[in-house]
Amino acid sequence: MHAQELIIMAHVPTESVNDGFLPAARSLGLLPVLITDQAEAHRQHFGQSGLQAYPEAIISCDVFNPLAVIEAISRRRQKPVAVFSNSDHLQTSTAIVAEYYQLPGKPWEVAYRAKNKAEMRTFFQQQGIETLRHAVAFELESLVKASAYVGYPCVIKPREGVASQNVCLAQDYHQLYVHCLAVWQSHPGLAMLIEEYLEGPLYTLETLGDGETLSAIGGFQVHLSAPPHFVELAASWQHDVTGHEEILAQIRRFGIGFGACHSEFVLTANGPRLIEINYRCIGDRRDFLLGQVWGINLFAEVLQLHLGAPVPTFALASRTAVIRYLTPTNAGRVRLAPDAFSCHVGSTEVGLHVLRKVGDEIAITHSNKDYLGILTCVGTDATHVQHMLSQAGNELSWEIGV
């Protein structure tokens, strides 16, 4: 009898898959098979020794085409036990493939309209849930019409964007025009979503679902960089997220109910307003941090849902957690960088995850791709956690030269 294969659909290599979901799959006794359109990049990563886990096979395939993925799986001559992806780009393809094999998965229509932020807004308006003004522009002519409808200030972002890339706040048409023109020079015809700006603090809501039960497992209050950009600089874990019940009800009506989901909303003076729905686990190491807070293997719990398990019941987490993203002040080559570390001081654990090392070239993109390192602190006392995080952060520096 063949061992059970878990199909993991992936785009570019990510730490969430390599250091989270792959080891979790192995711990569950599964054979993880990686199907990707970036096979060489993944092979280079897994060519290293000493990694936590390795895929059983790496298969090259156009993962954005579910028919191609089904063909690639059929060649293995056994039905997979689950089909999964944590890629923001591949949730729709993954849902279609899972449906074909009659495996637990997300409705592909929901996955599509979550990824397409304009479709998300349109759906909410049709359901009478949200009335946020928005429009899509592909070129200058449509930009004029879109801006006239939405008004100012407004937020511009790629319709299917990720990681705060090419996101900007515009106070007038000139700023809107300059930003979109710069984006279209490198990405001609890219669909840009323009929507009214919501004033207030940013929060996230993290959920797990088994198709019947949808459970909130907490969220984060997020600190952003100063306008006009929206780089996430820090986040503090919240067990009871302000306004989360209303957001939970909204994403249920949207169709969210299976697997992991990461939603973002602004707590305005008129209540919580949804920003976007990312039908996958939260990223930027906050998935690992959530596991620390709850004392669980979050990646294994998510995979269990795709194996048909019910939503787990977690004991109330009494710990607090803060994460800080360290960003450069200038572009150039890294000349000096700190070493990664993890240490305990009493009941508090502080750690540094290094993303940019000596010799790396740094460019300023005003997105989450700029991070030099990620500092985390988890403990039982919020004041002590903040103190330890600040103390550790003050001792870190990257030297970047031209």
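Figures for the structure shown
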quantity: All positions within region 327-344 that are open to solvent by less than 40 Å² (accessible area, probe 1.4 Å) and either modelled with pLDDT of 95 or more or in a loop (DSSP other than H, G, I, E, B) (or both); calculated: PRO328, ALA337, PRO338
quantity: Single residue of CYS154, CYS180 found to be closer than 15 Å to ILE275 by Cβ, surrounded by 16 or more Cβ atoms within 10 Å (Cβ to Cβ) and either at pLDDT 90 or above or of a type in the set (S, T, N, Q) (or both); calculated: CYS154
quantity: For LEU132: the one exception among (1) outside any strand (DSSP E or B); (2) surrounded by 18 or more Cβ atoms within 10 Å (Cβ to Cβ); (3) among the aliphatic types (A, V, I, L, M); calculated: (2)
quantity: Residue identified as over 30 Å from GLY161 (Cα atoms), modelled with pLDDT of 90 or more and out of contact with any Gly (no Cβ under 6 Å at 6 or more places or on another chain) among GLY379, GLY373; calculated: GLY379
quantity: Subset of region 183-198 [touching a helix residue (DSSP H, G or I) at 6+ places or on another chain (Cβ under 7 Å) and open to solvent by 20 Å² or more (accessible area, probe 1.4 Å)]; calculated: LEU190, GLU196
quantity: Among the residues listed as GLN391, GLN386, GLN292, GLN304, the single one being outside any loop (DSSP other than H, G, I, E, B) and without any contact (Cβ under 8 Å) to a residue 12 or more places away in the chain; calculated: GLN391
quantity: Residue check, ILE323 part of a helix (DSSP H, G or I) and open to solvent by less than 10 Å² (accessible area, probe 1.4 Å); calculated: no
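Each row is one residue, and each column tells you yes or no for (1) part of a strand (DSSP E or B); (2) open to solvent by 50 Å² or more (accessible area, probe 1.4 Å); (3) out of contact with any helix residue (DSSP H, G or I) (no Cβ under 6 Å at 6 or more places or on another chain).
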{"site": "GLY161", "(1), (2), (3)": "no, no, yes"}
{"site": "GLN165", "(1), (2), (3)": "no, yes, yes"}
{"site": "GLY200", "(1), (2), (3)": "no, no, yes"}
{"site": "THR204", "(1), (2), (3)": "yes, no, yes"}
{"site": "HIS223", "(1), (2), (3)": "yes, yes, yes"}
{"site": "LEU233", "(1), (2), (3)": "yes, no, yes"}
{"site": "SER236", "(1), (2), (3)": "yes, no, yes"}
{"site": "LEU248", "(1), (2), (3)": "no, no, yes"}
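The values are calculated or read from the model by the stated rules, or taken from the named source; none is laboratory data. All values reported here derive from a predicted model rather than from experimental measurement. Positions of Cβ are generated from backbone atoms using ideal geometry, with glycine treated the same way; all protein chains shown enter the neighbour counts. Quick note on the areas: whole protein, heavy atoms, side chains included, nothing else; ligands and nucleic acids left out. Shrake-Rupley method; radii C 1.70, N 1.55, O 1.52, S 1.80 Å.
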